[in-house]
Amino acid sequence: MYKENFLKKVVTAIGVASALSLATASVYAQTPRSRVVGVSKEEQKVVATGWSAKKDIMDKAVYNDNNEKIGSVDDLIVSPNKSLSYAIIGVGGFLGMGTHDVAIPVNHIKERDNKLVLPGATKEALKALPEFQYAKTERKDTTTR
């Protein structure tokens with residue numbers, strides 16, 4: 001049930017992102033006189049009832065099955081096709097210094113008792129994973145105008 005709830009939130013977030021990207025595409029397709037900047041009333045309903053990455057996952061602690069804090073969510077990676085793919089979890093460190101960031105597929109993280117849980121994980125196991133590094137090149141804009 002918790003997995004379904006978490007996955008439902010992720011799917012909702014992806015849906016909101018898709019709706020907003022479609023709205024953005026339609027904005028560019030319109031003539032300058034009828035250009036809409038923002039979302040429609042129908043889209044506002046989707047946004048207002050959707051899941052908030054900032055409130056529901058960003059900077060939240062991640063626990064293992066033994067209820068031990070093993071890290072926190074530092075970032076969410078959205079793939080170029082606008083689907084949510086990975087959570088970047090910071091492990092170890094103190095006050096943000098010396099953390100070991102790892103990429104974890106979002107579907108591995110479960111929600112239980114209002115906590116984010118990564119079943120079977122330990123700090124040591126996460127620290128043994130390759131450290132996530134952001135690409136050094138500039139991100140290419142995948143939108144068409």
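The values are calculated or read from the model by the stated rules, or taken from the named source; none is laboratory data. Computed from a predicted model, the values in this text were never measured in an experiment. Reconstructed Cβ throughout: ideal geometry from the backbone, glycine too, with neighbour counts over all protein chains shown.
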Review point. How about region 48-67: which of its residues are surrounded by 13 or more Cβ atoms within 10 Å (Cβ to Cβ) and either of a type in the set (Lys, Arg) or part of a helix (DSSP H, G or I) (or both)?
Key: Ala53, Asp56, Lys60
Review point. Is it fair to say Gly93 is more than 30 Å from Gly38 (Cα to Cα), of a type in the set (Gly, Ala, Ser), in contact with a Gly (Cβ under 7 Å, 6 or more places away or on another chain) and without any contact (Cβ under 8 Å) to a residue 24 or more places away in the chain?
Key: no
Practice item. Give the residue that is farthest from Pro130 (Cα to Cα), with candidates limited to residues of region 79-88 that are of a type in the set (A, V, I, L, M, F, W, C) and touching a helix residue (DSSP H, G or I) at 6+ places or on another chain (Cβ under 7 Å). Key: Leu84
Review point. Which strands (runs of 3 or more DSSP E) does region 77-138 wholly contain that include 3 or more residues that are of a type in the set (A, V, I, L, M, F, W, C), on the phi < 0 side of the Ramachandran plot and crowded, with 16+ Cβ neighbours inside 10 Å?
Key: 84-91, 100-105
Exercise for review: Go through the residues of region 24-46 one by one and say whether even a single one is touching a helix residue (DSSP H, G or I) at 6+ places or on another chain (Cβ under 8 Å), at pLDDT 65 or above, on the phi > 0 side of the Ramachandran plot and not in a strand (DSSP E or B).
Suggested key: no
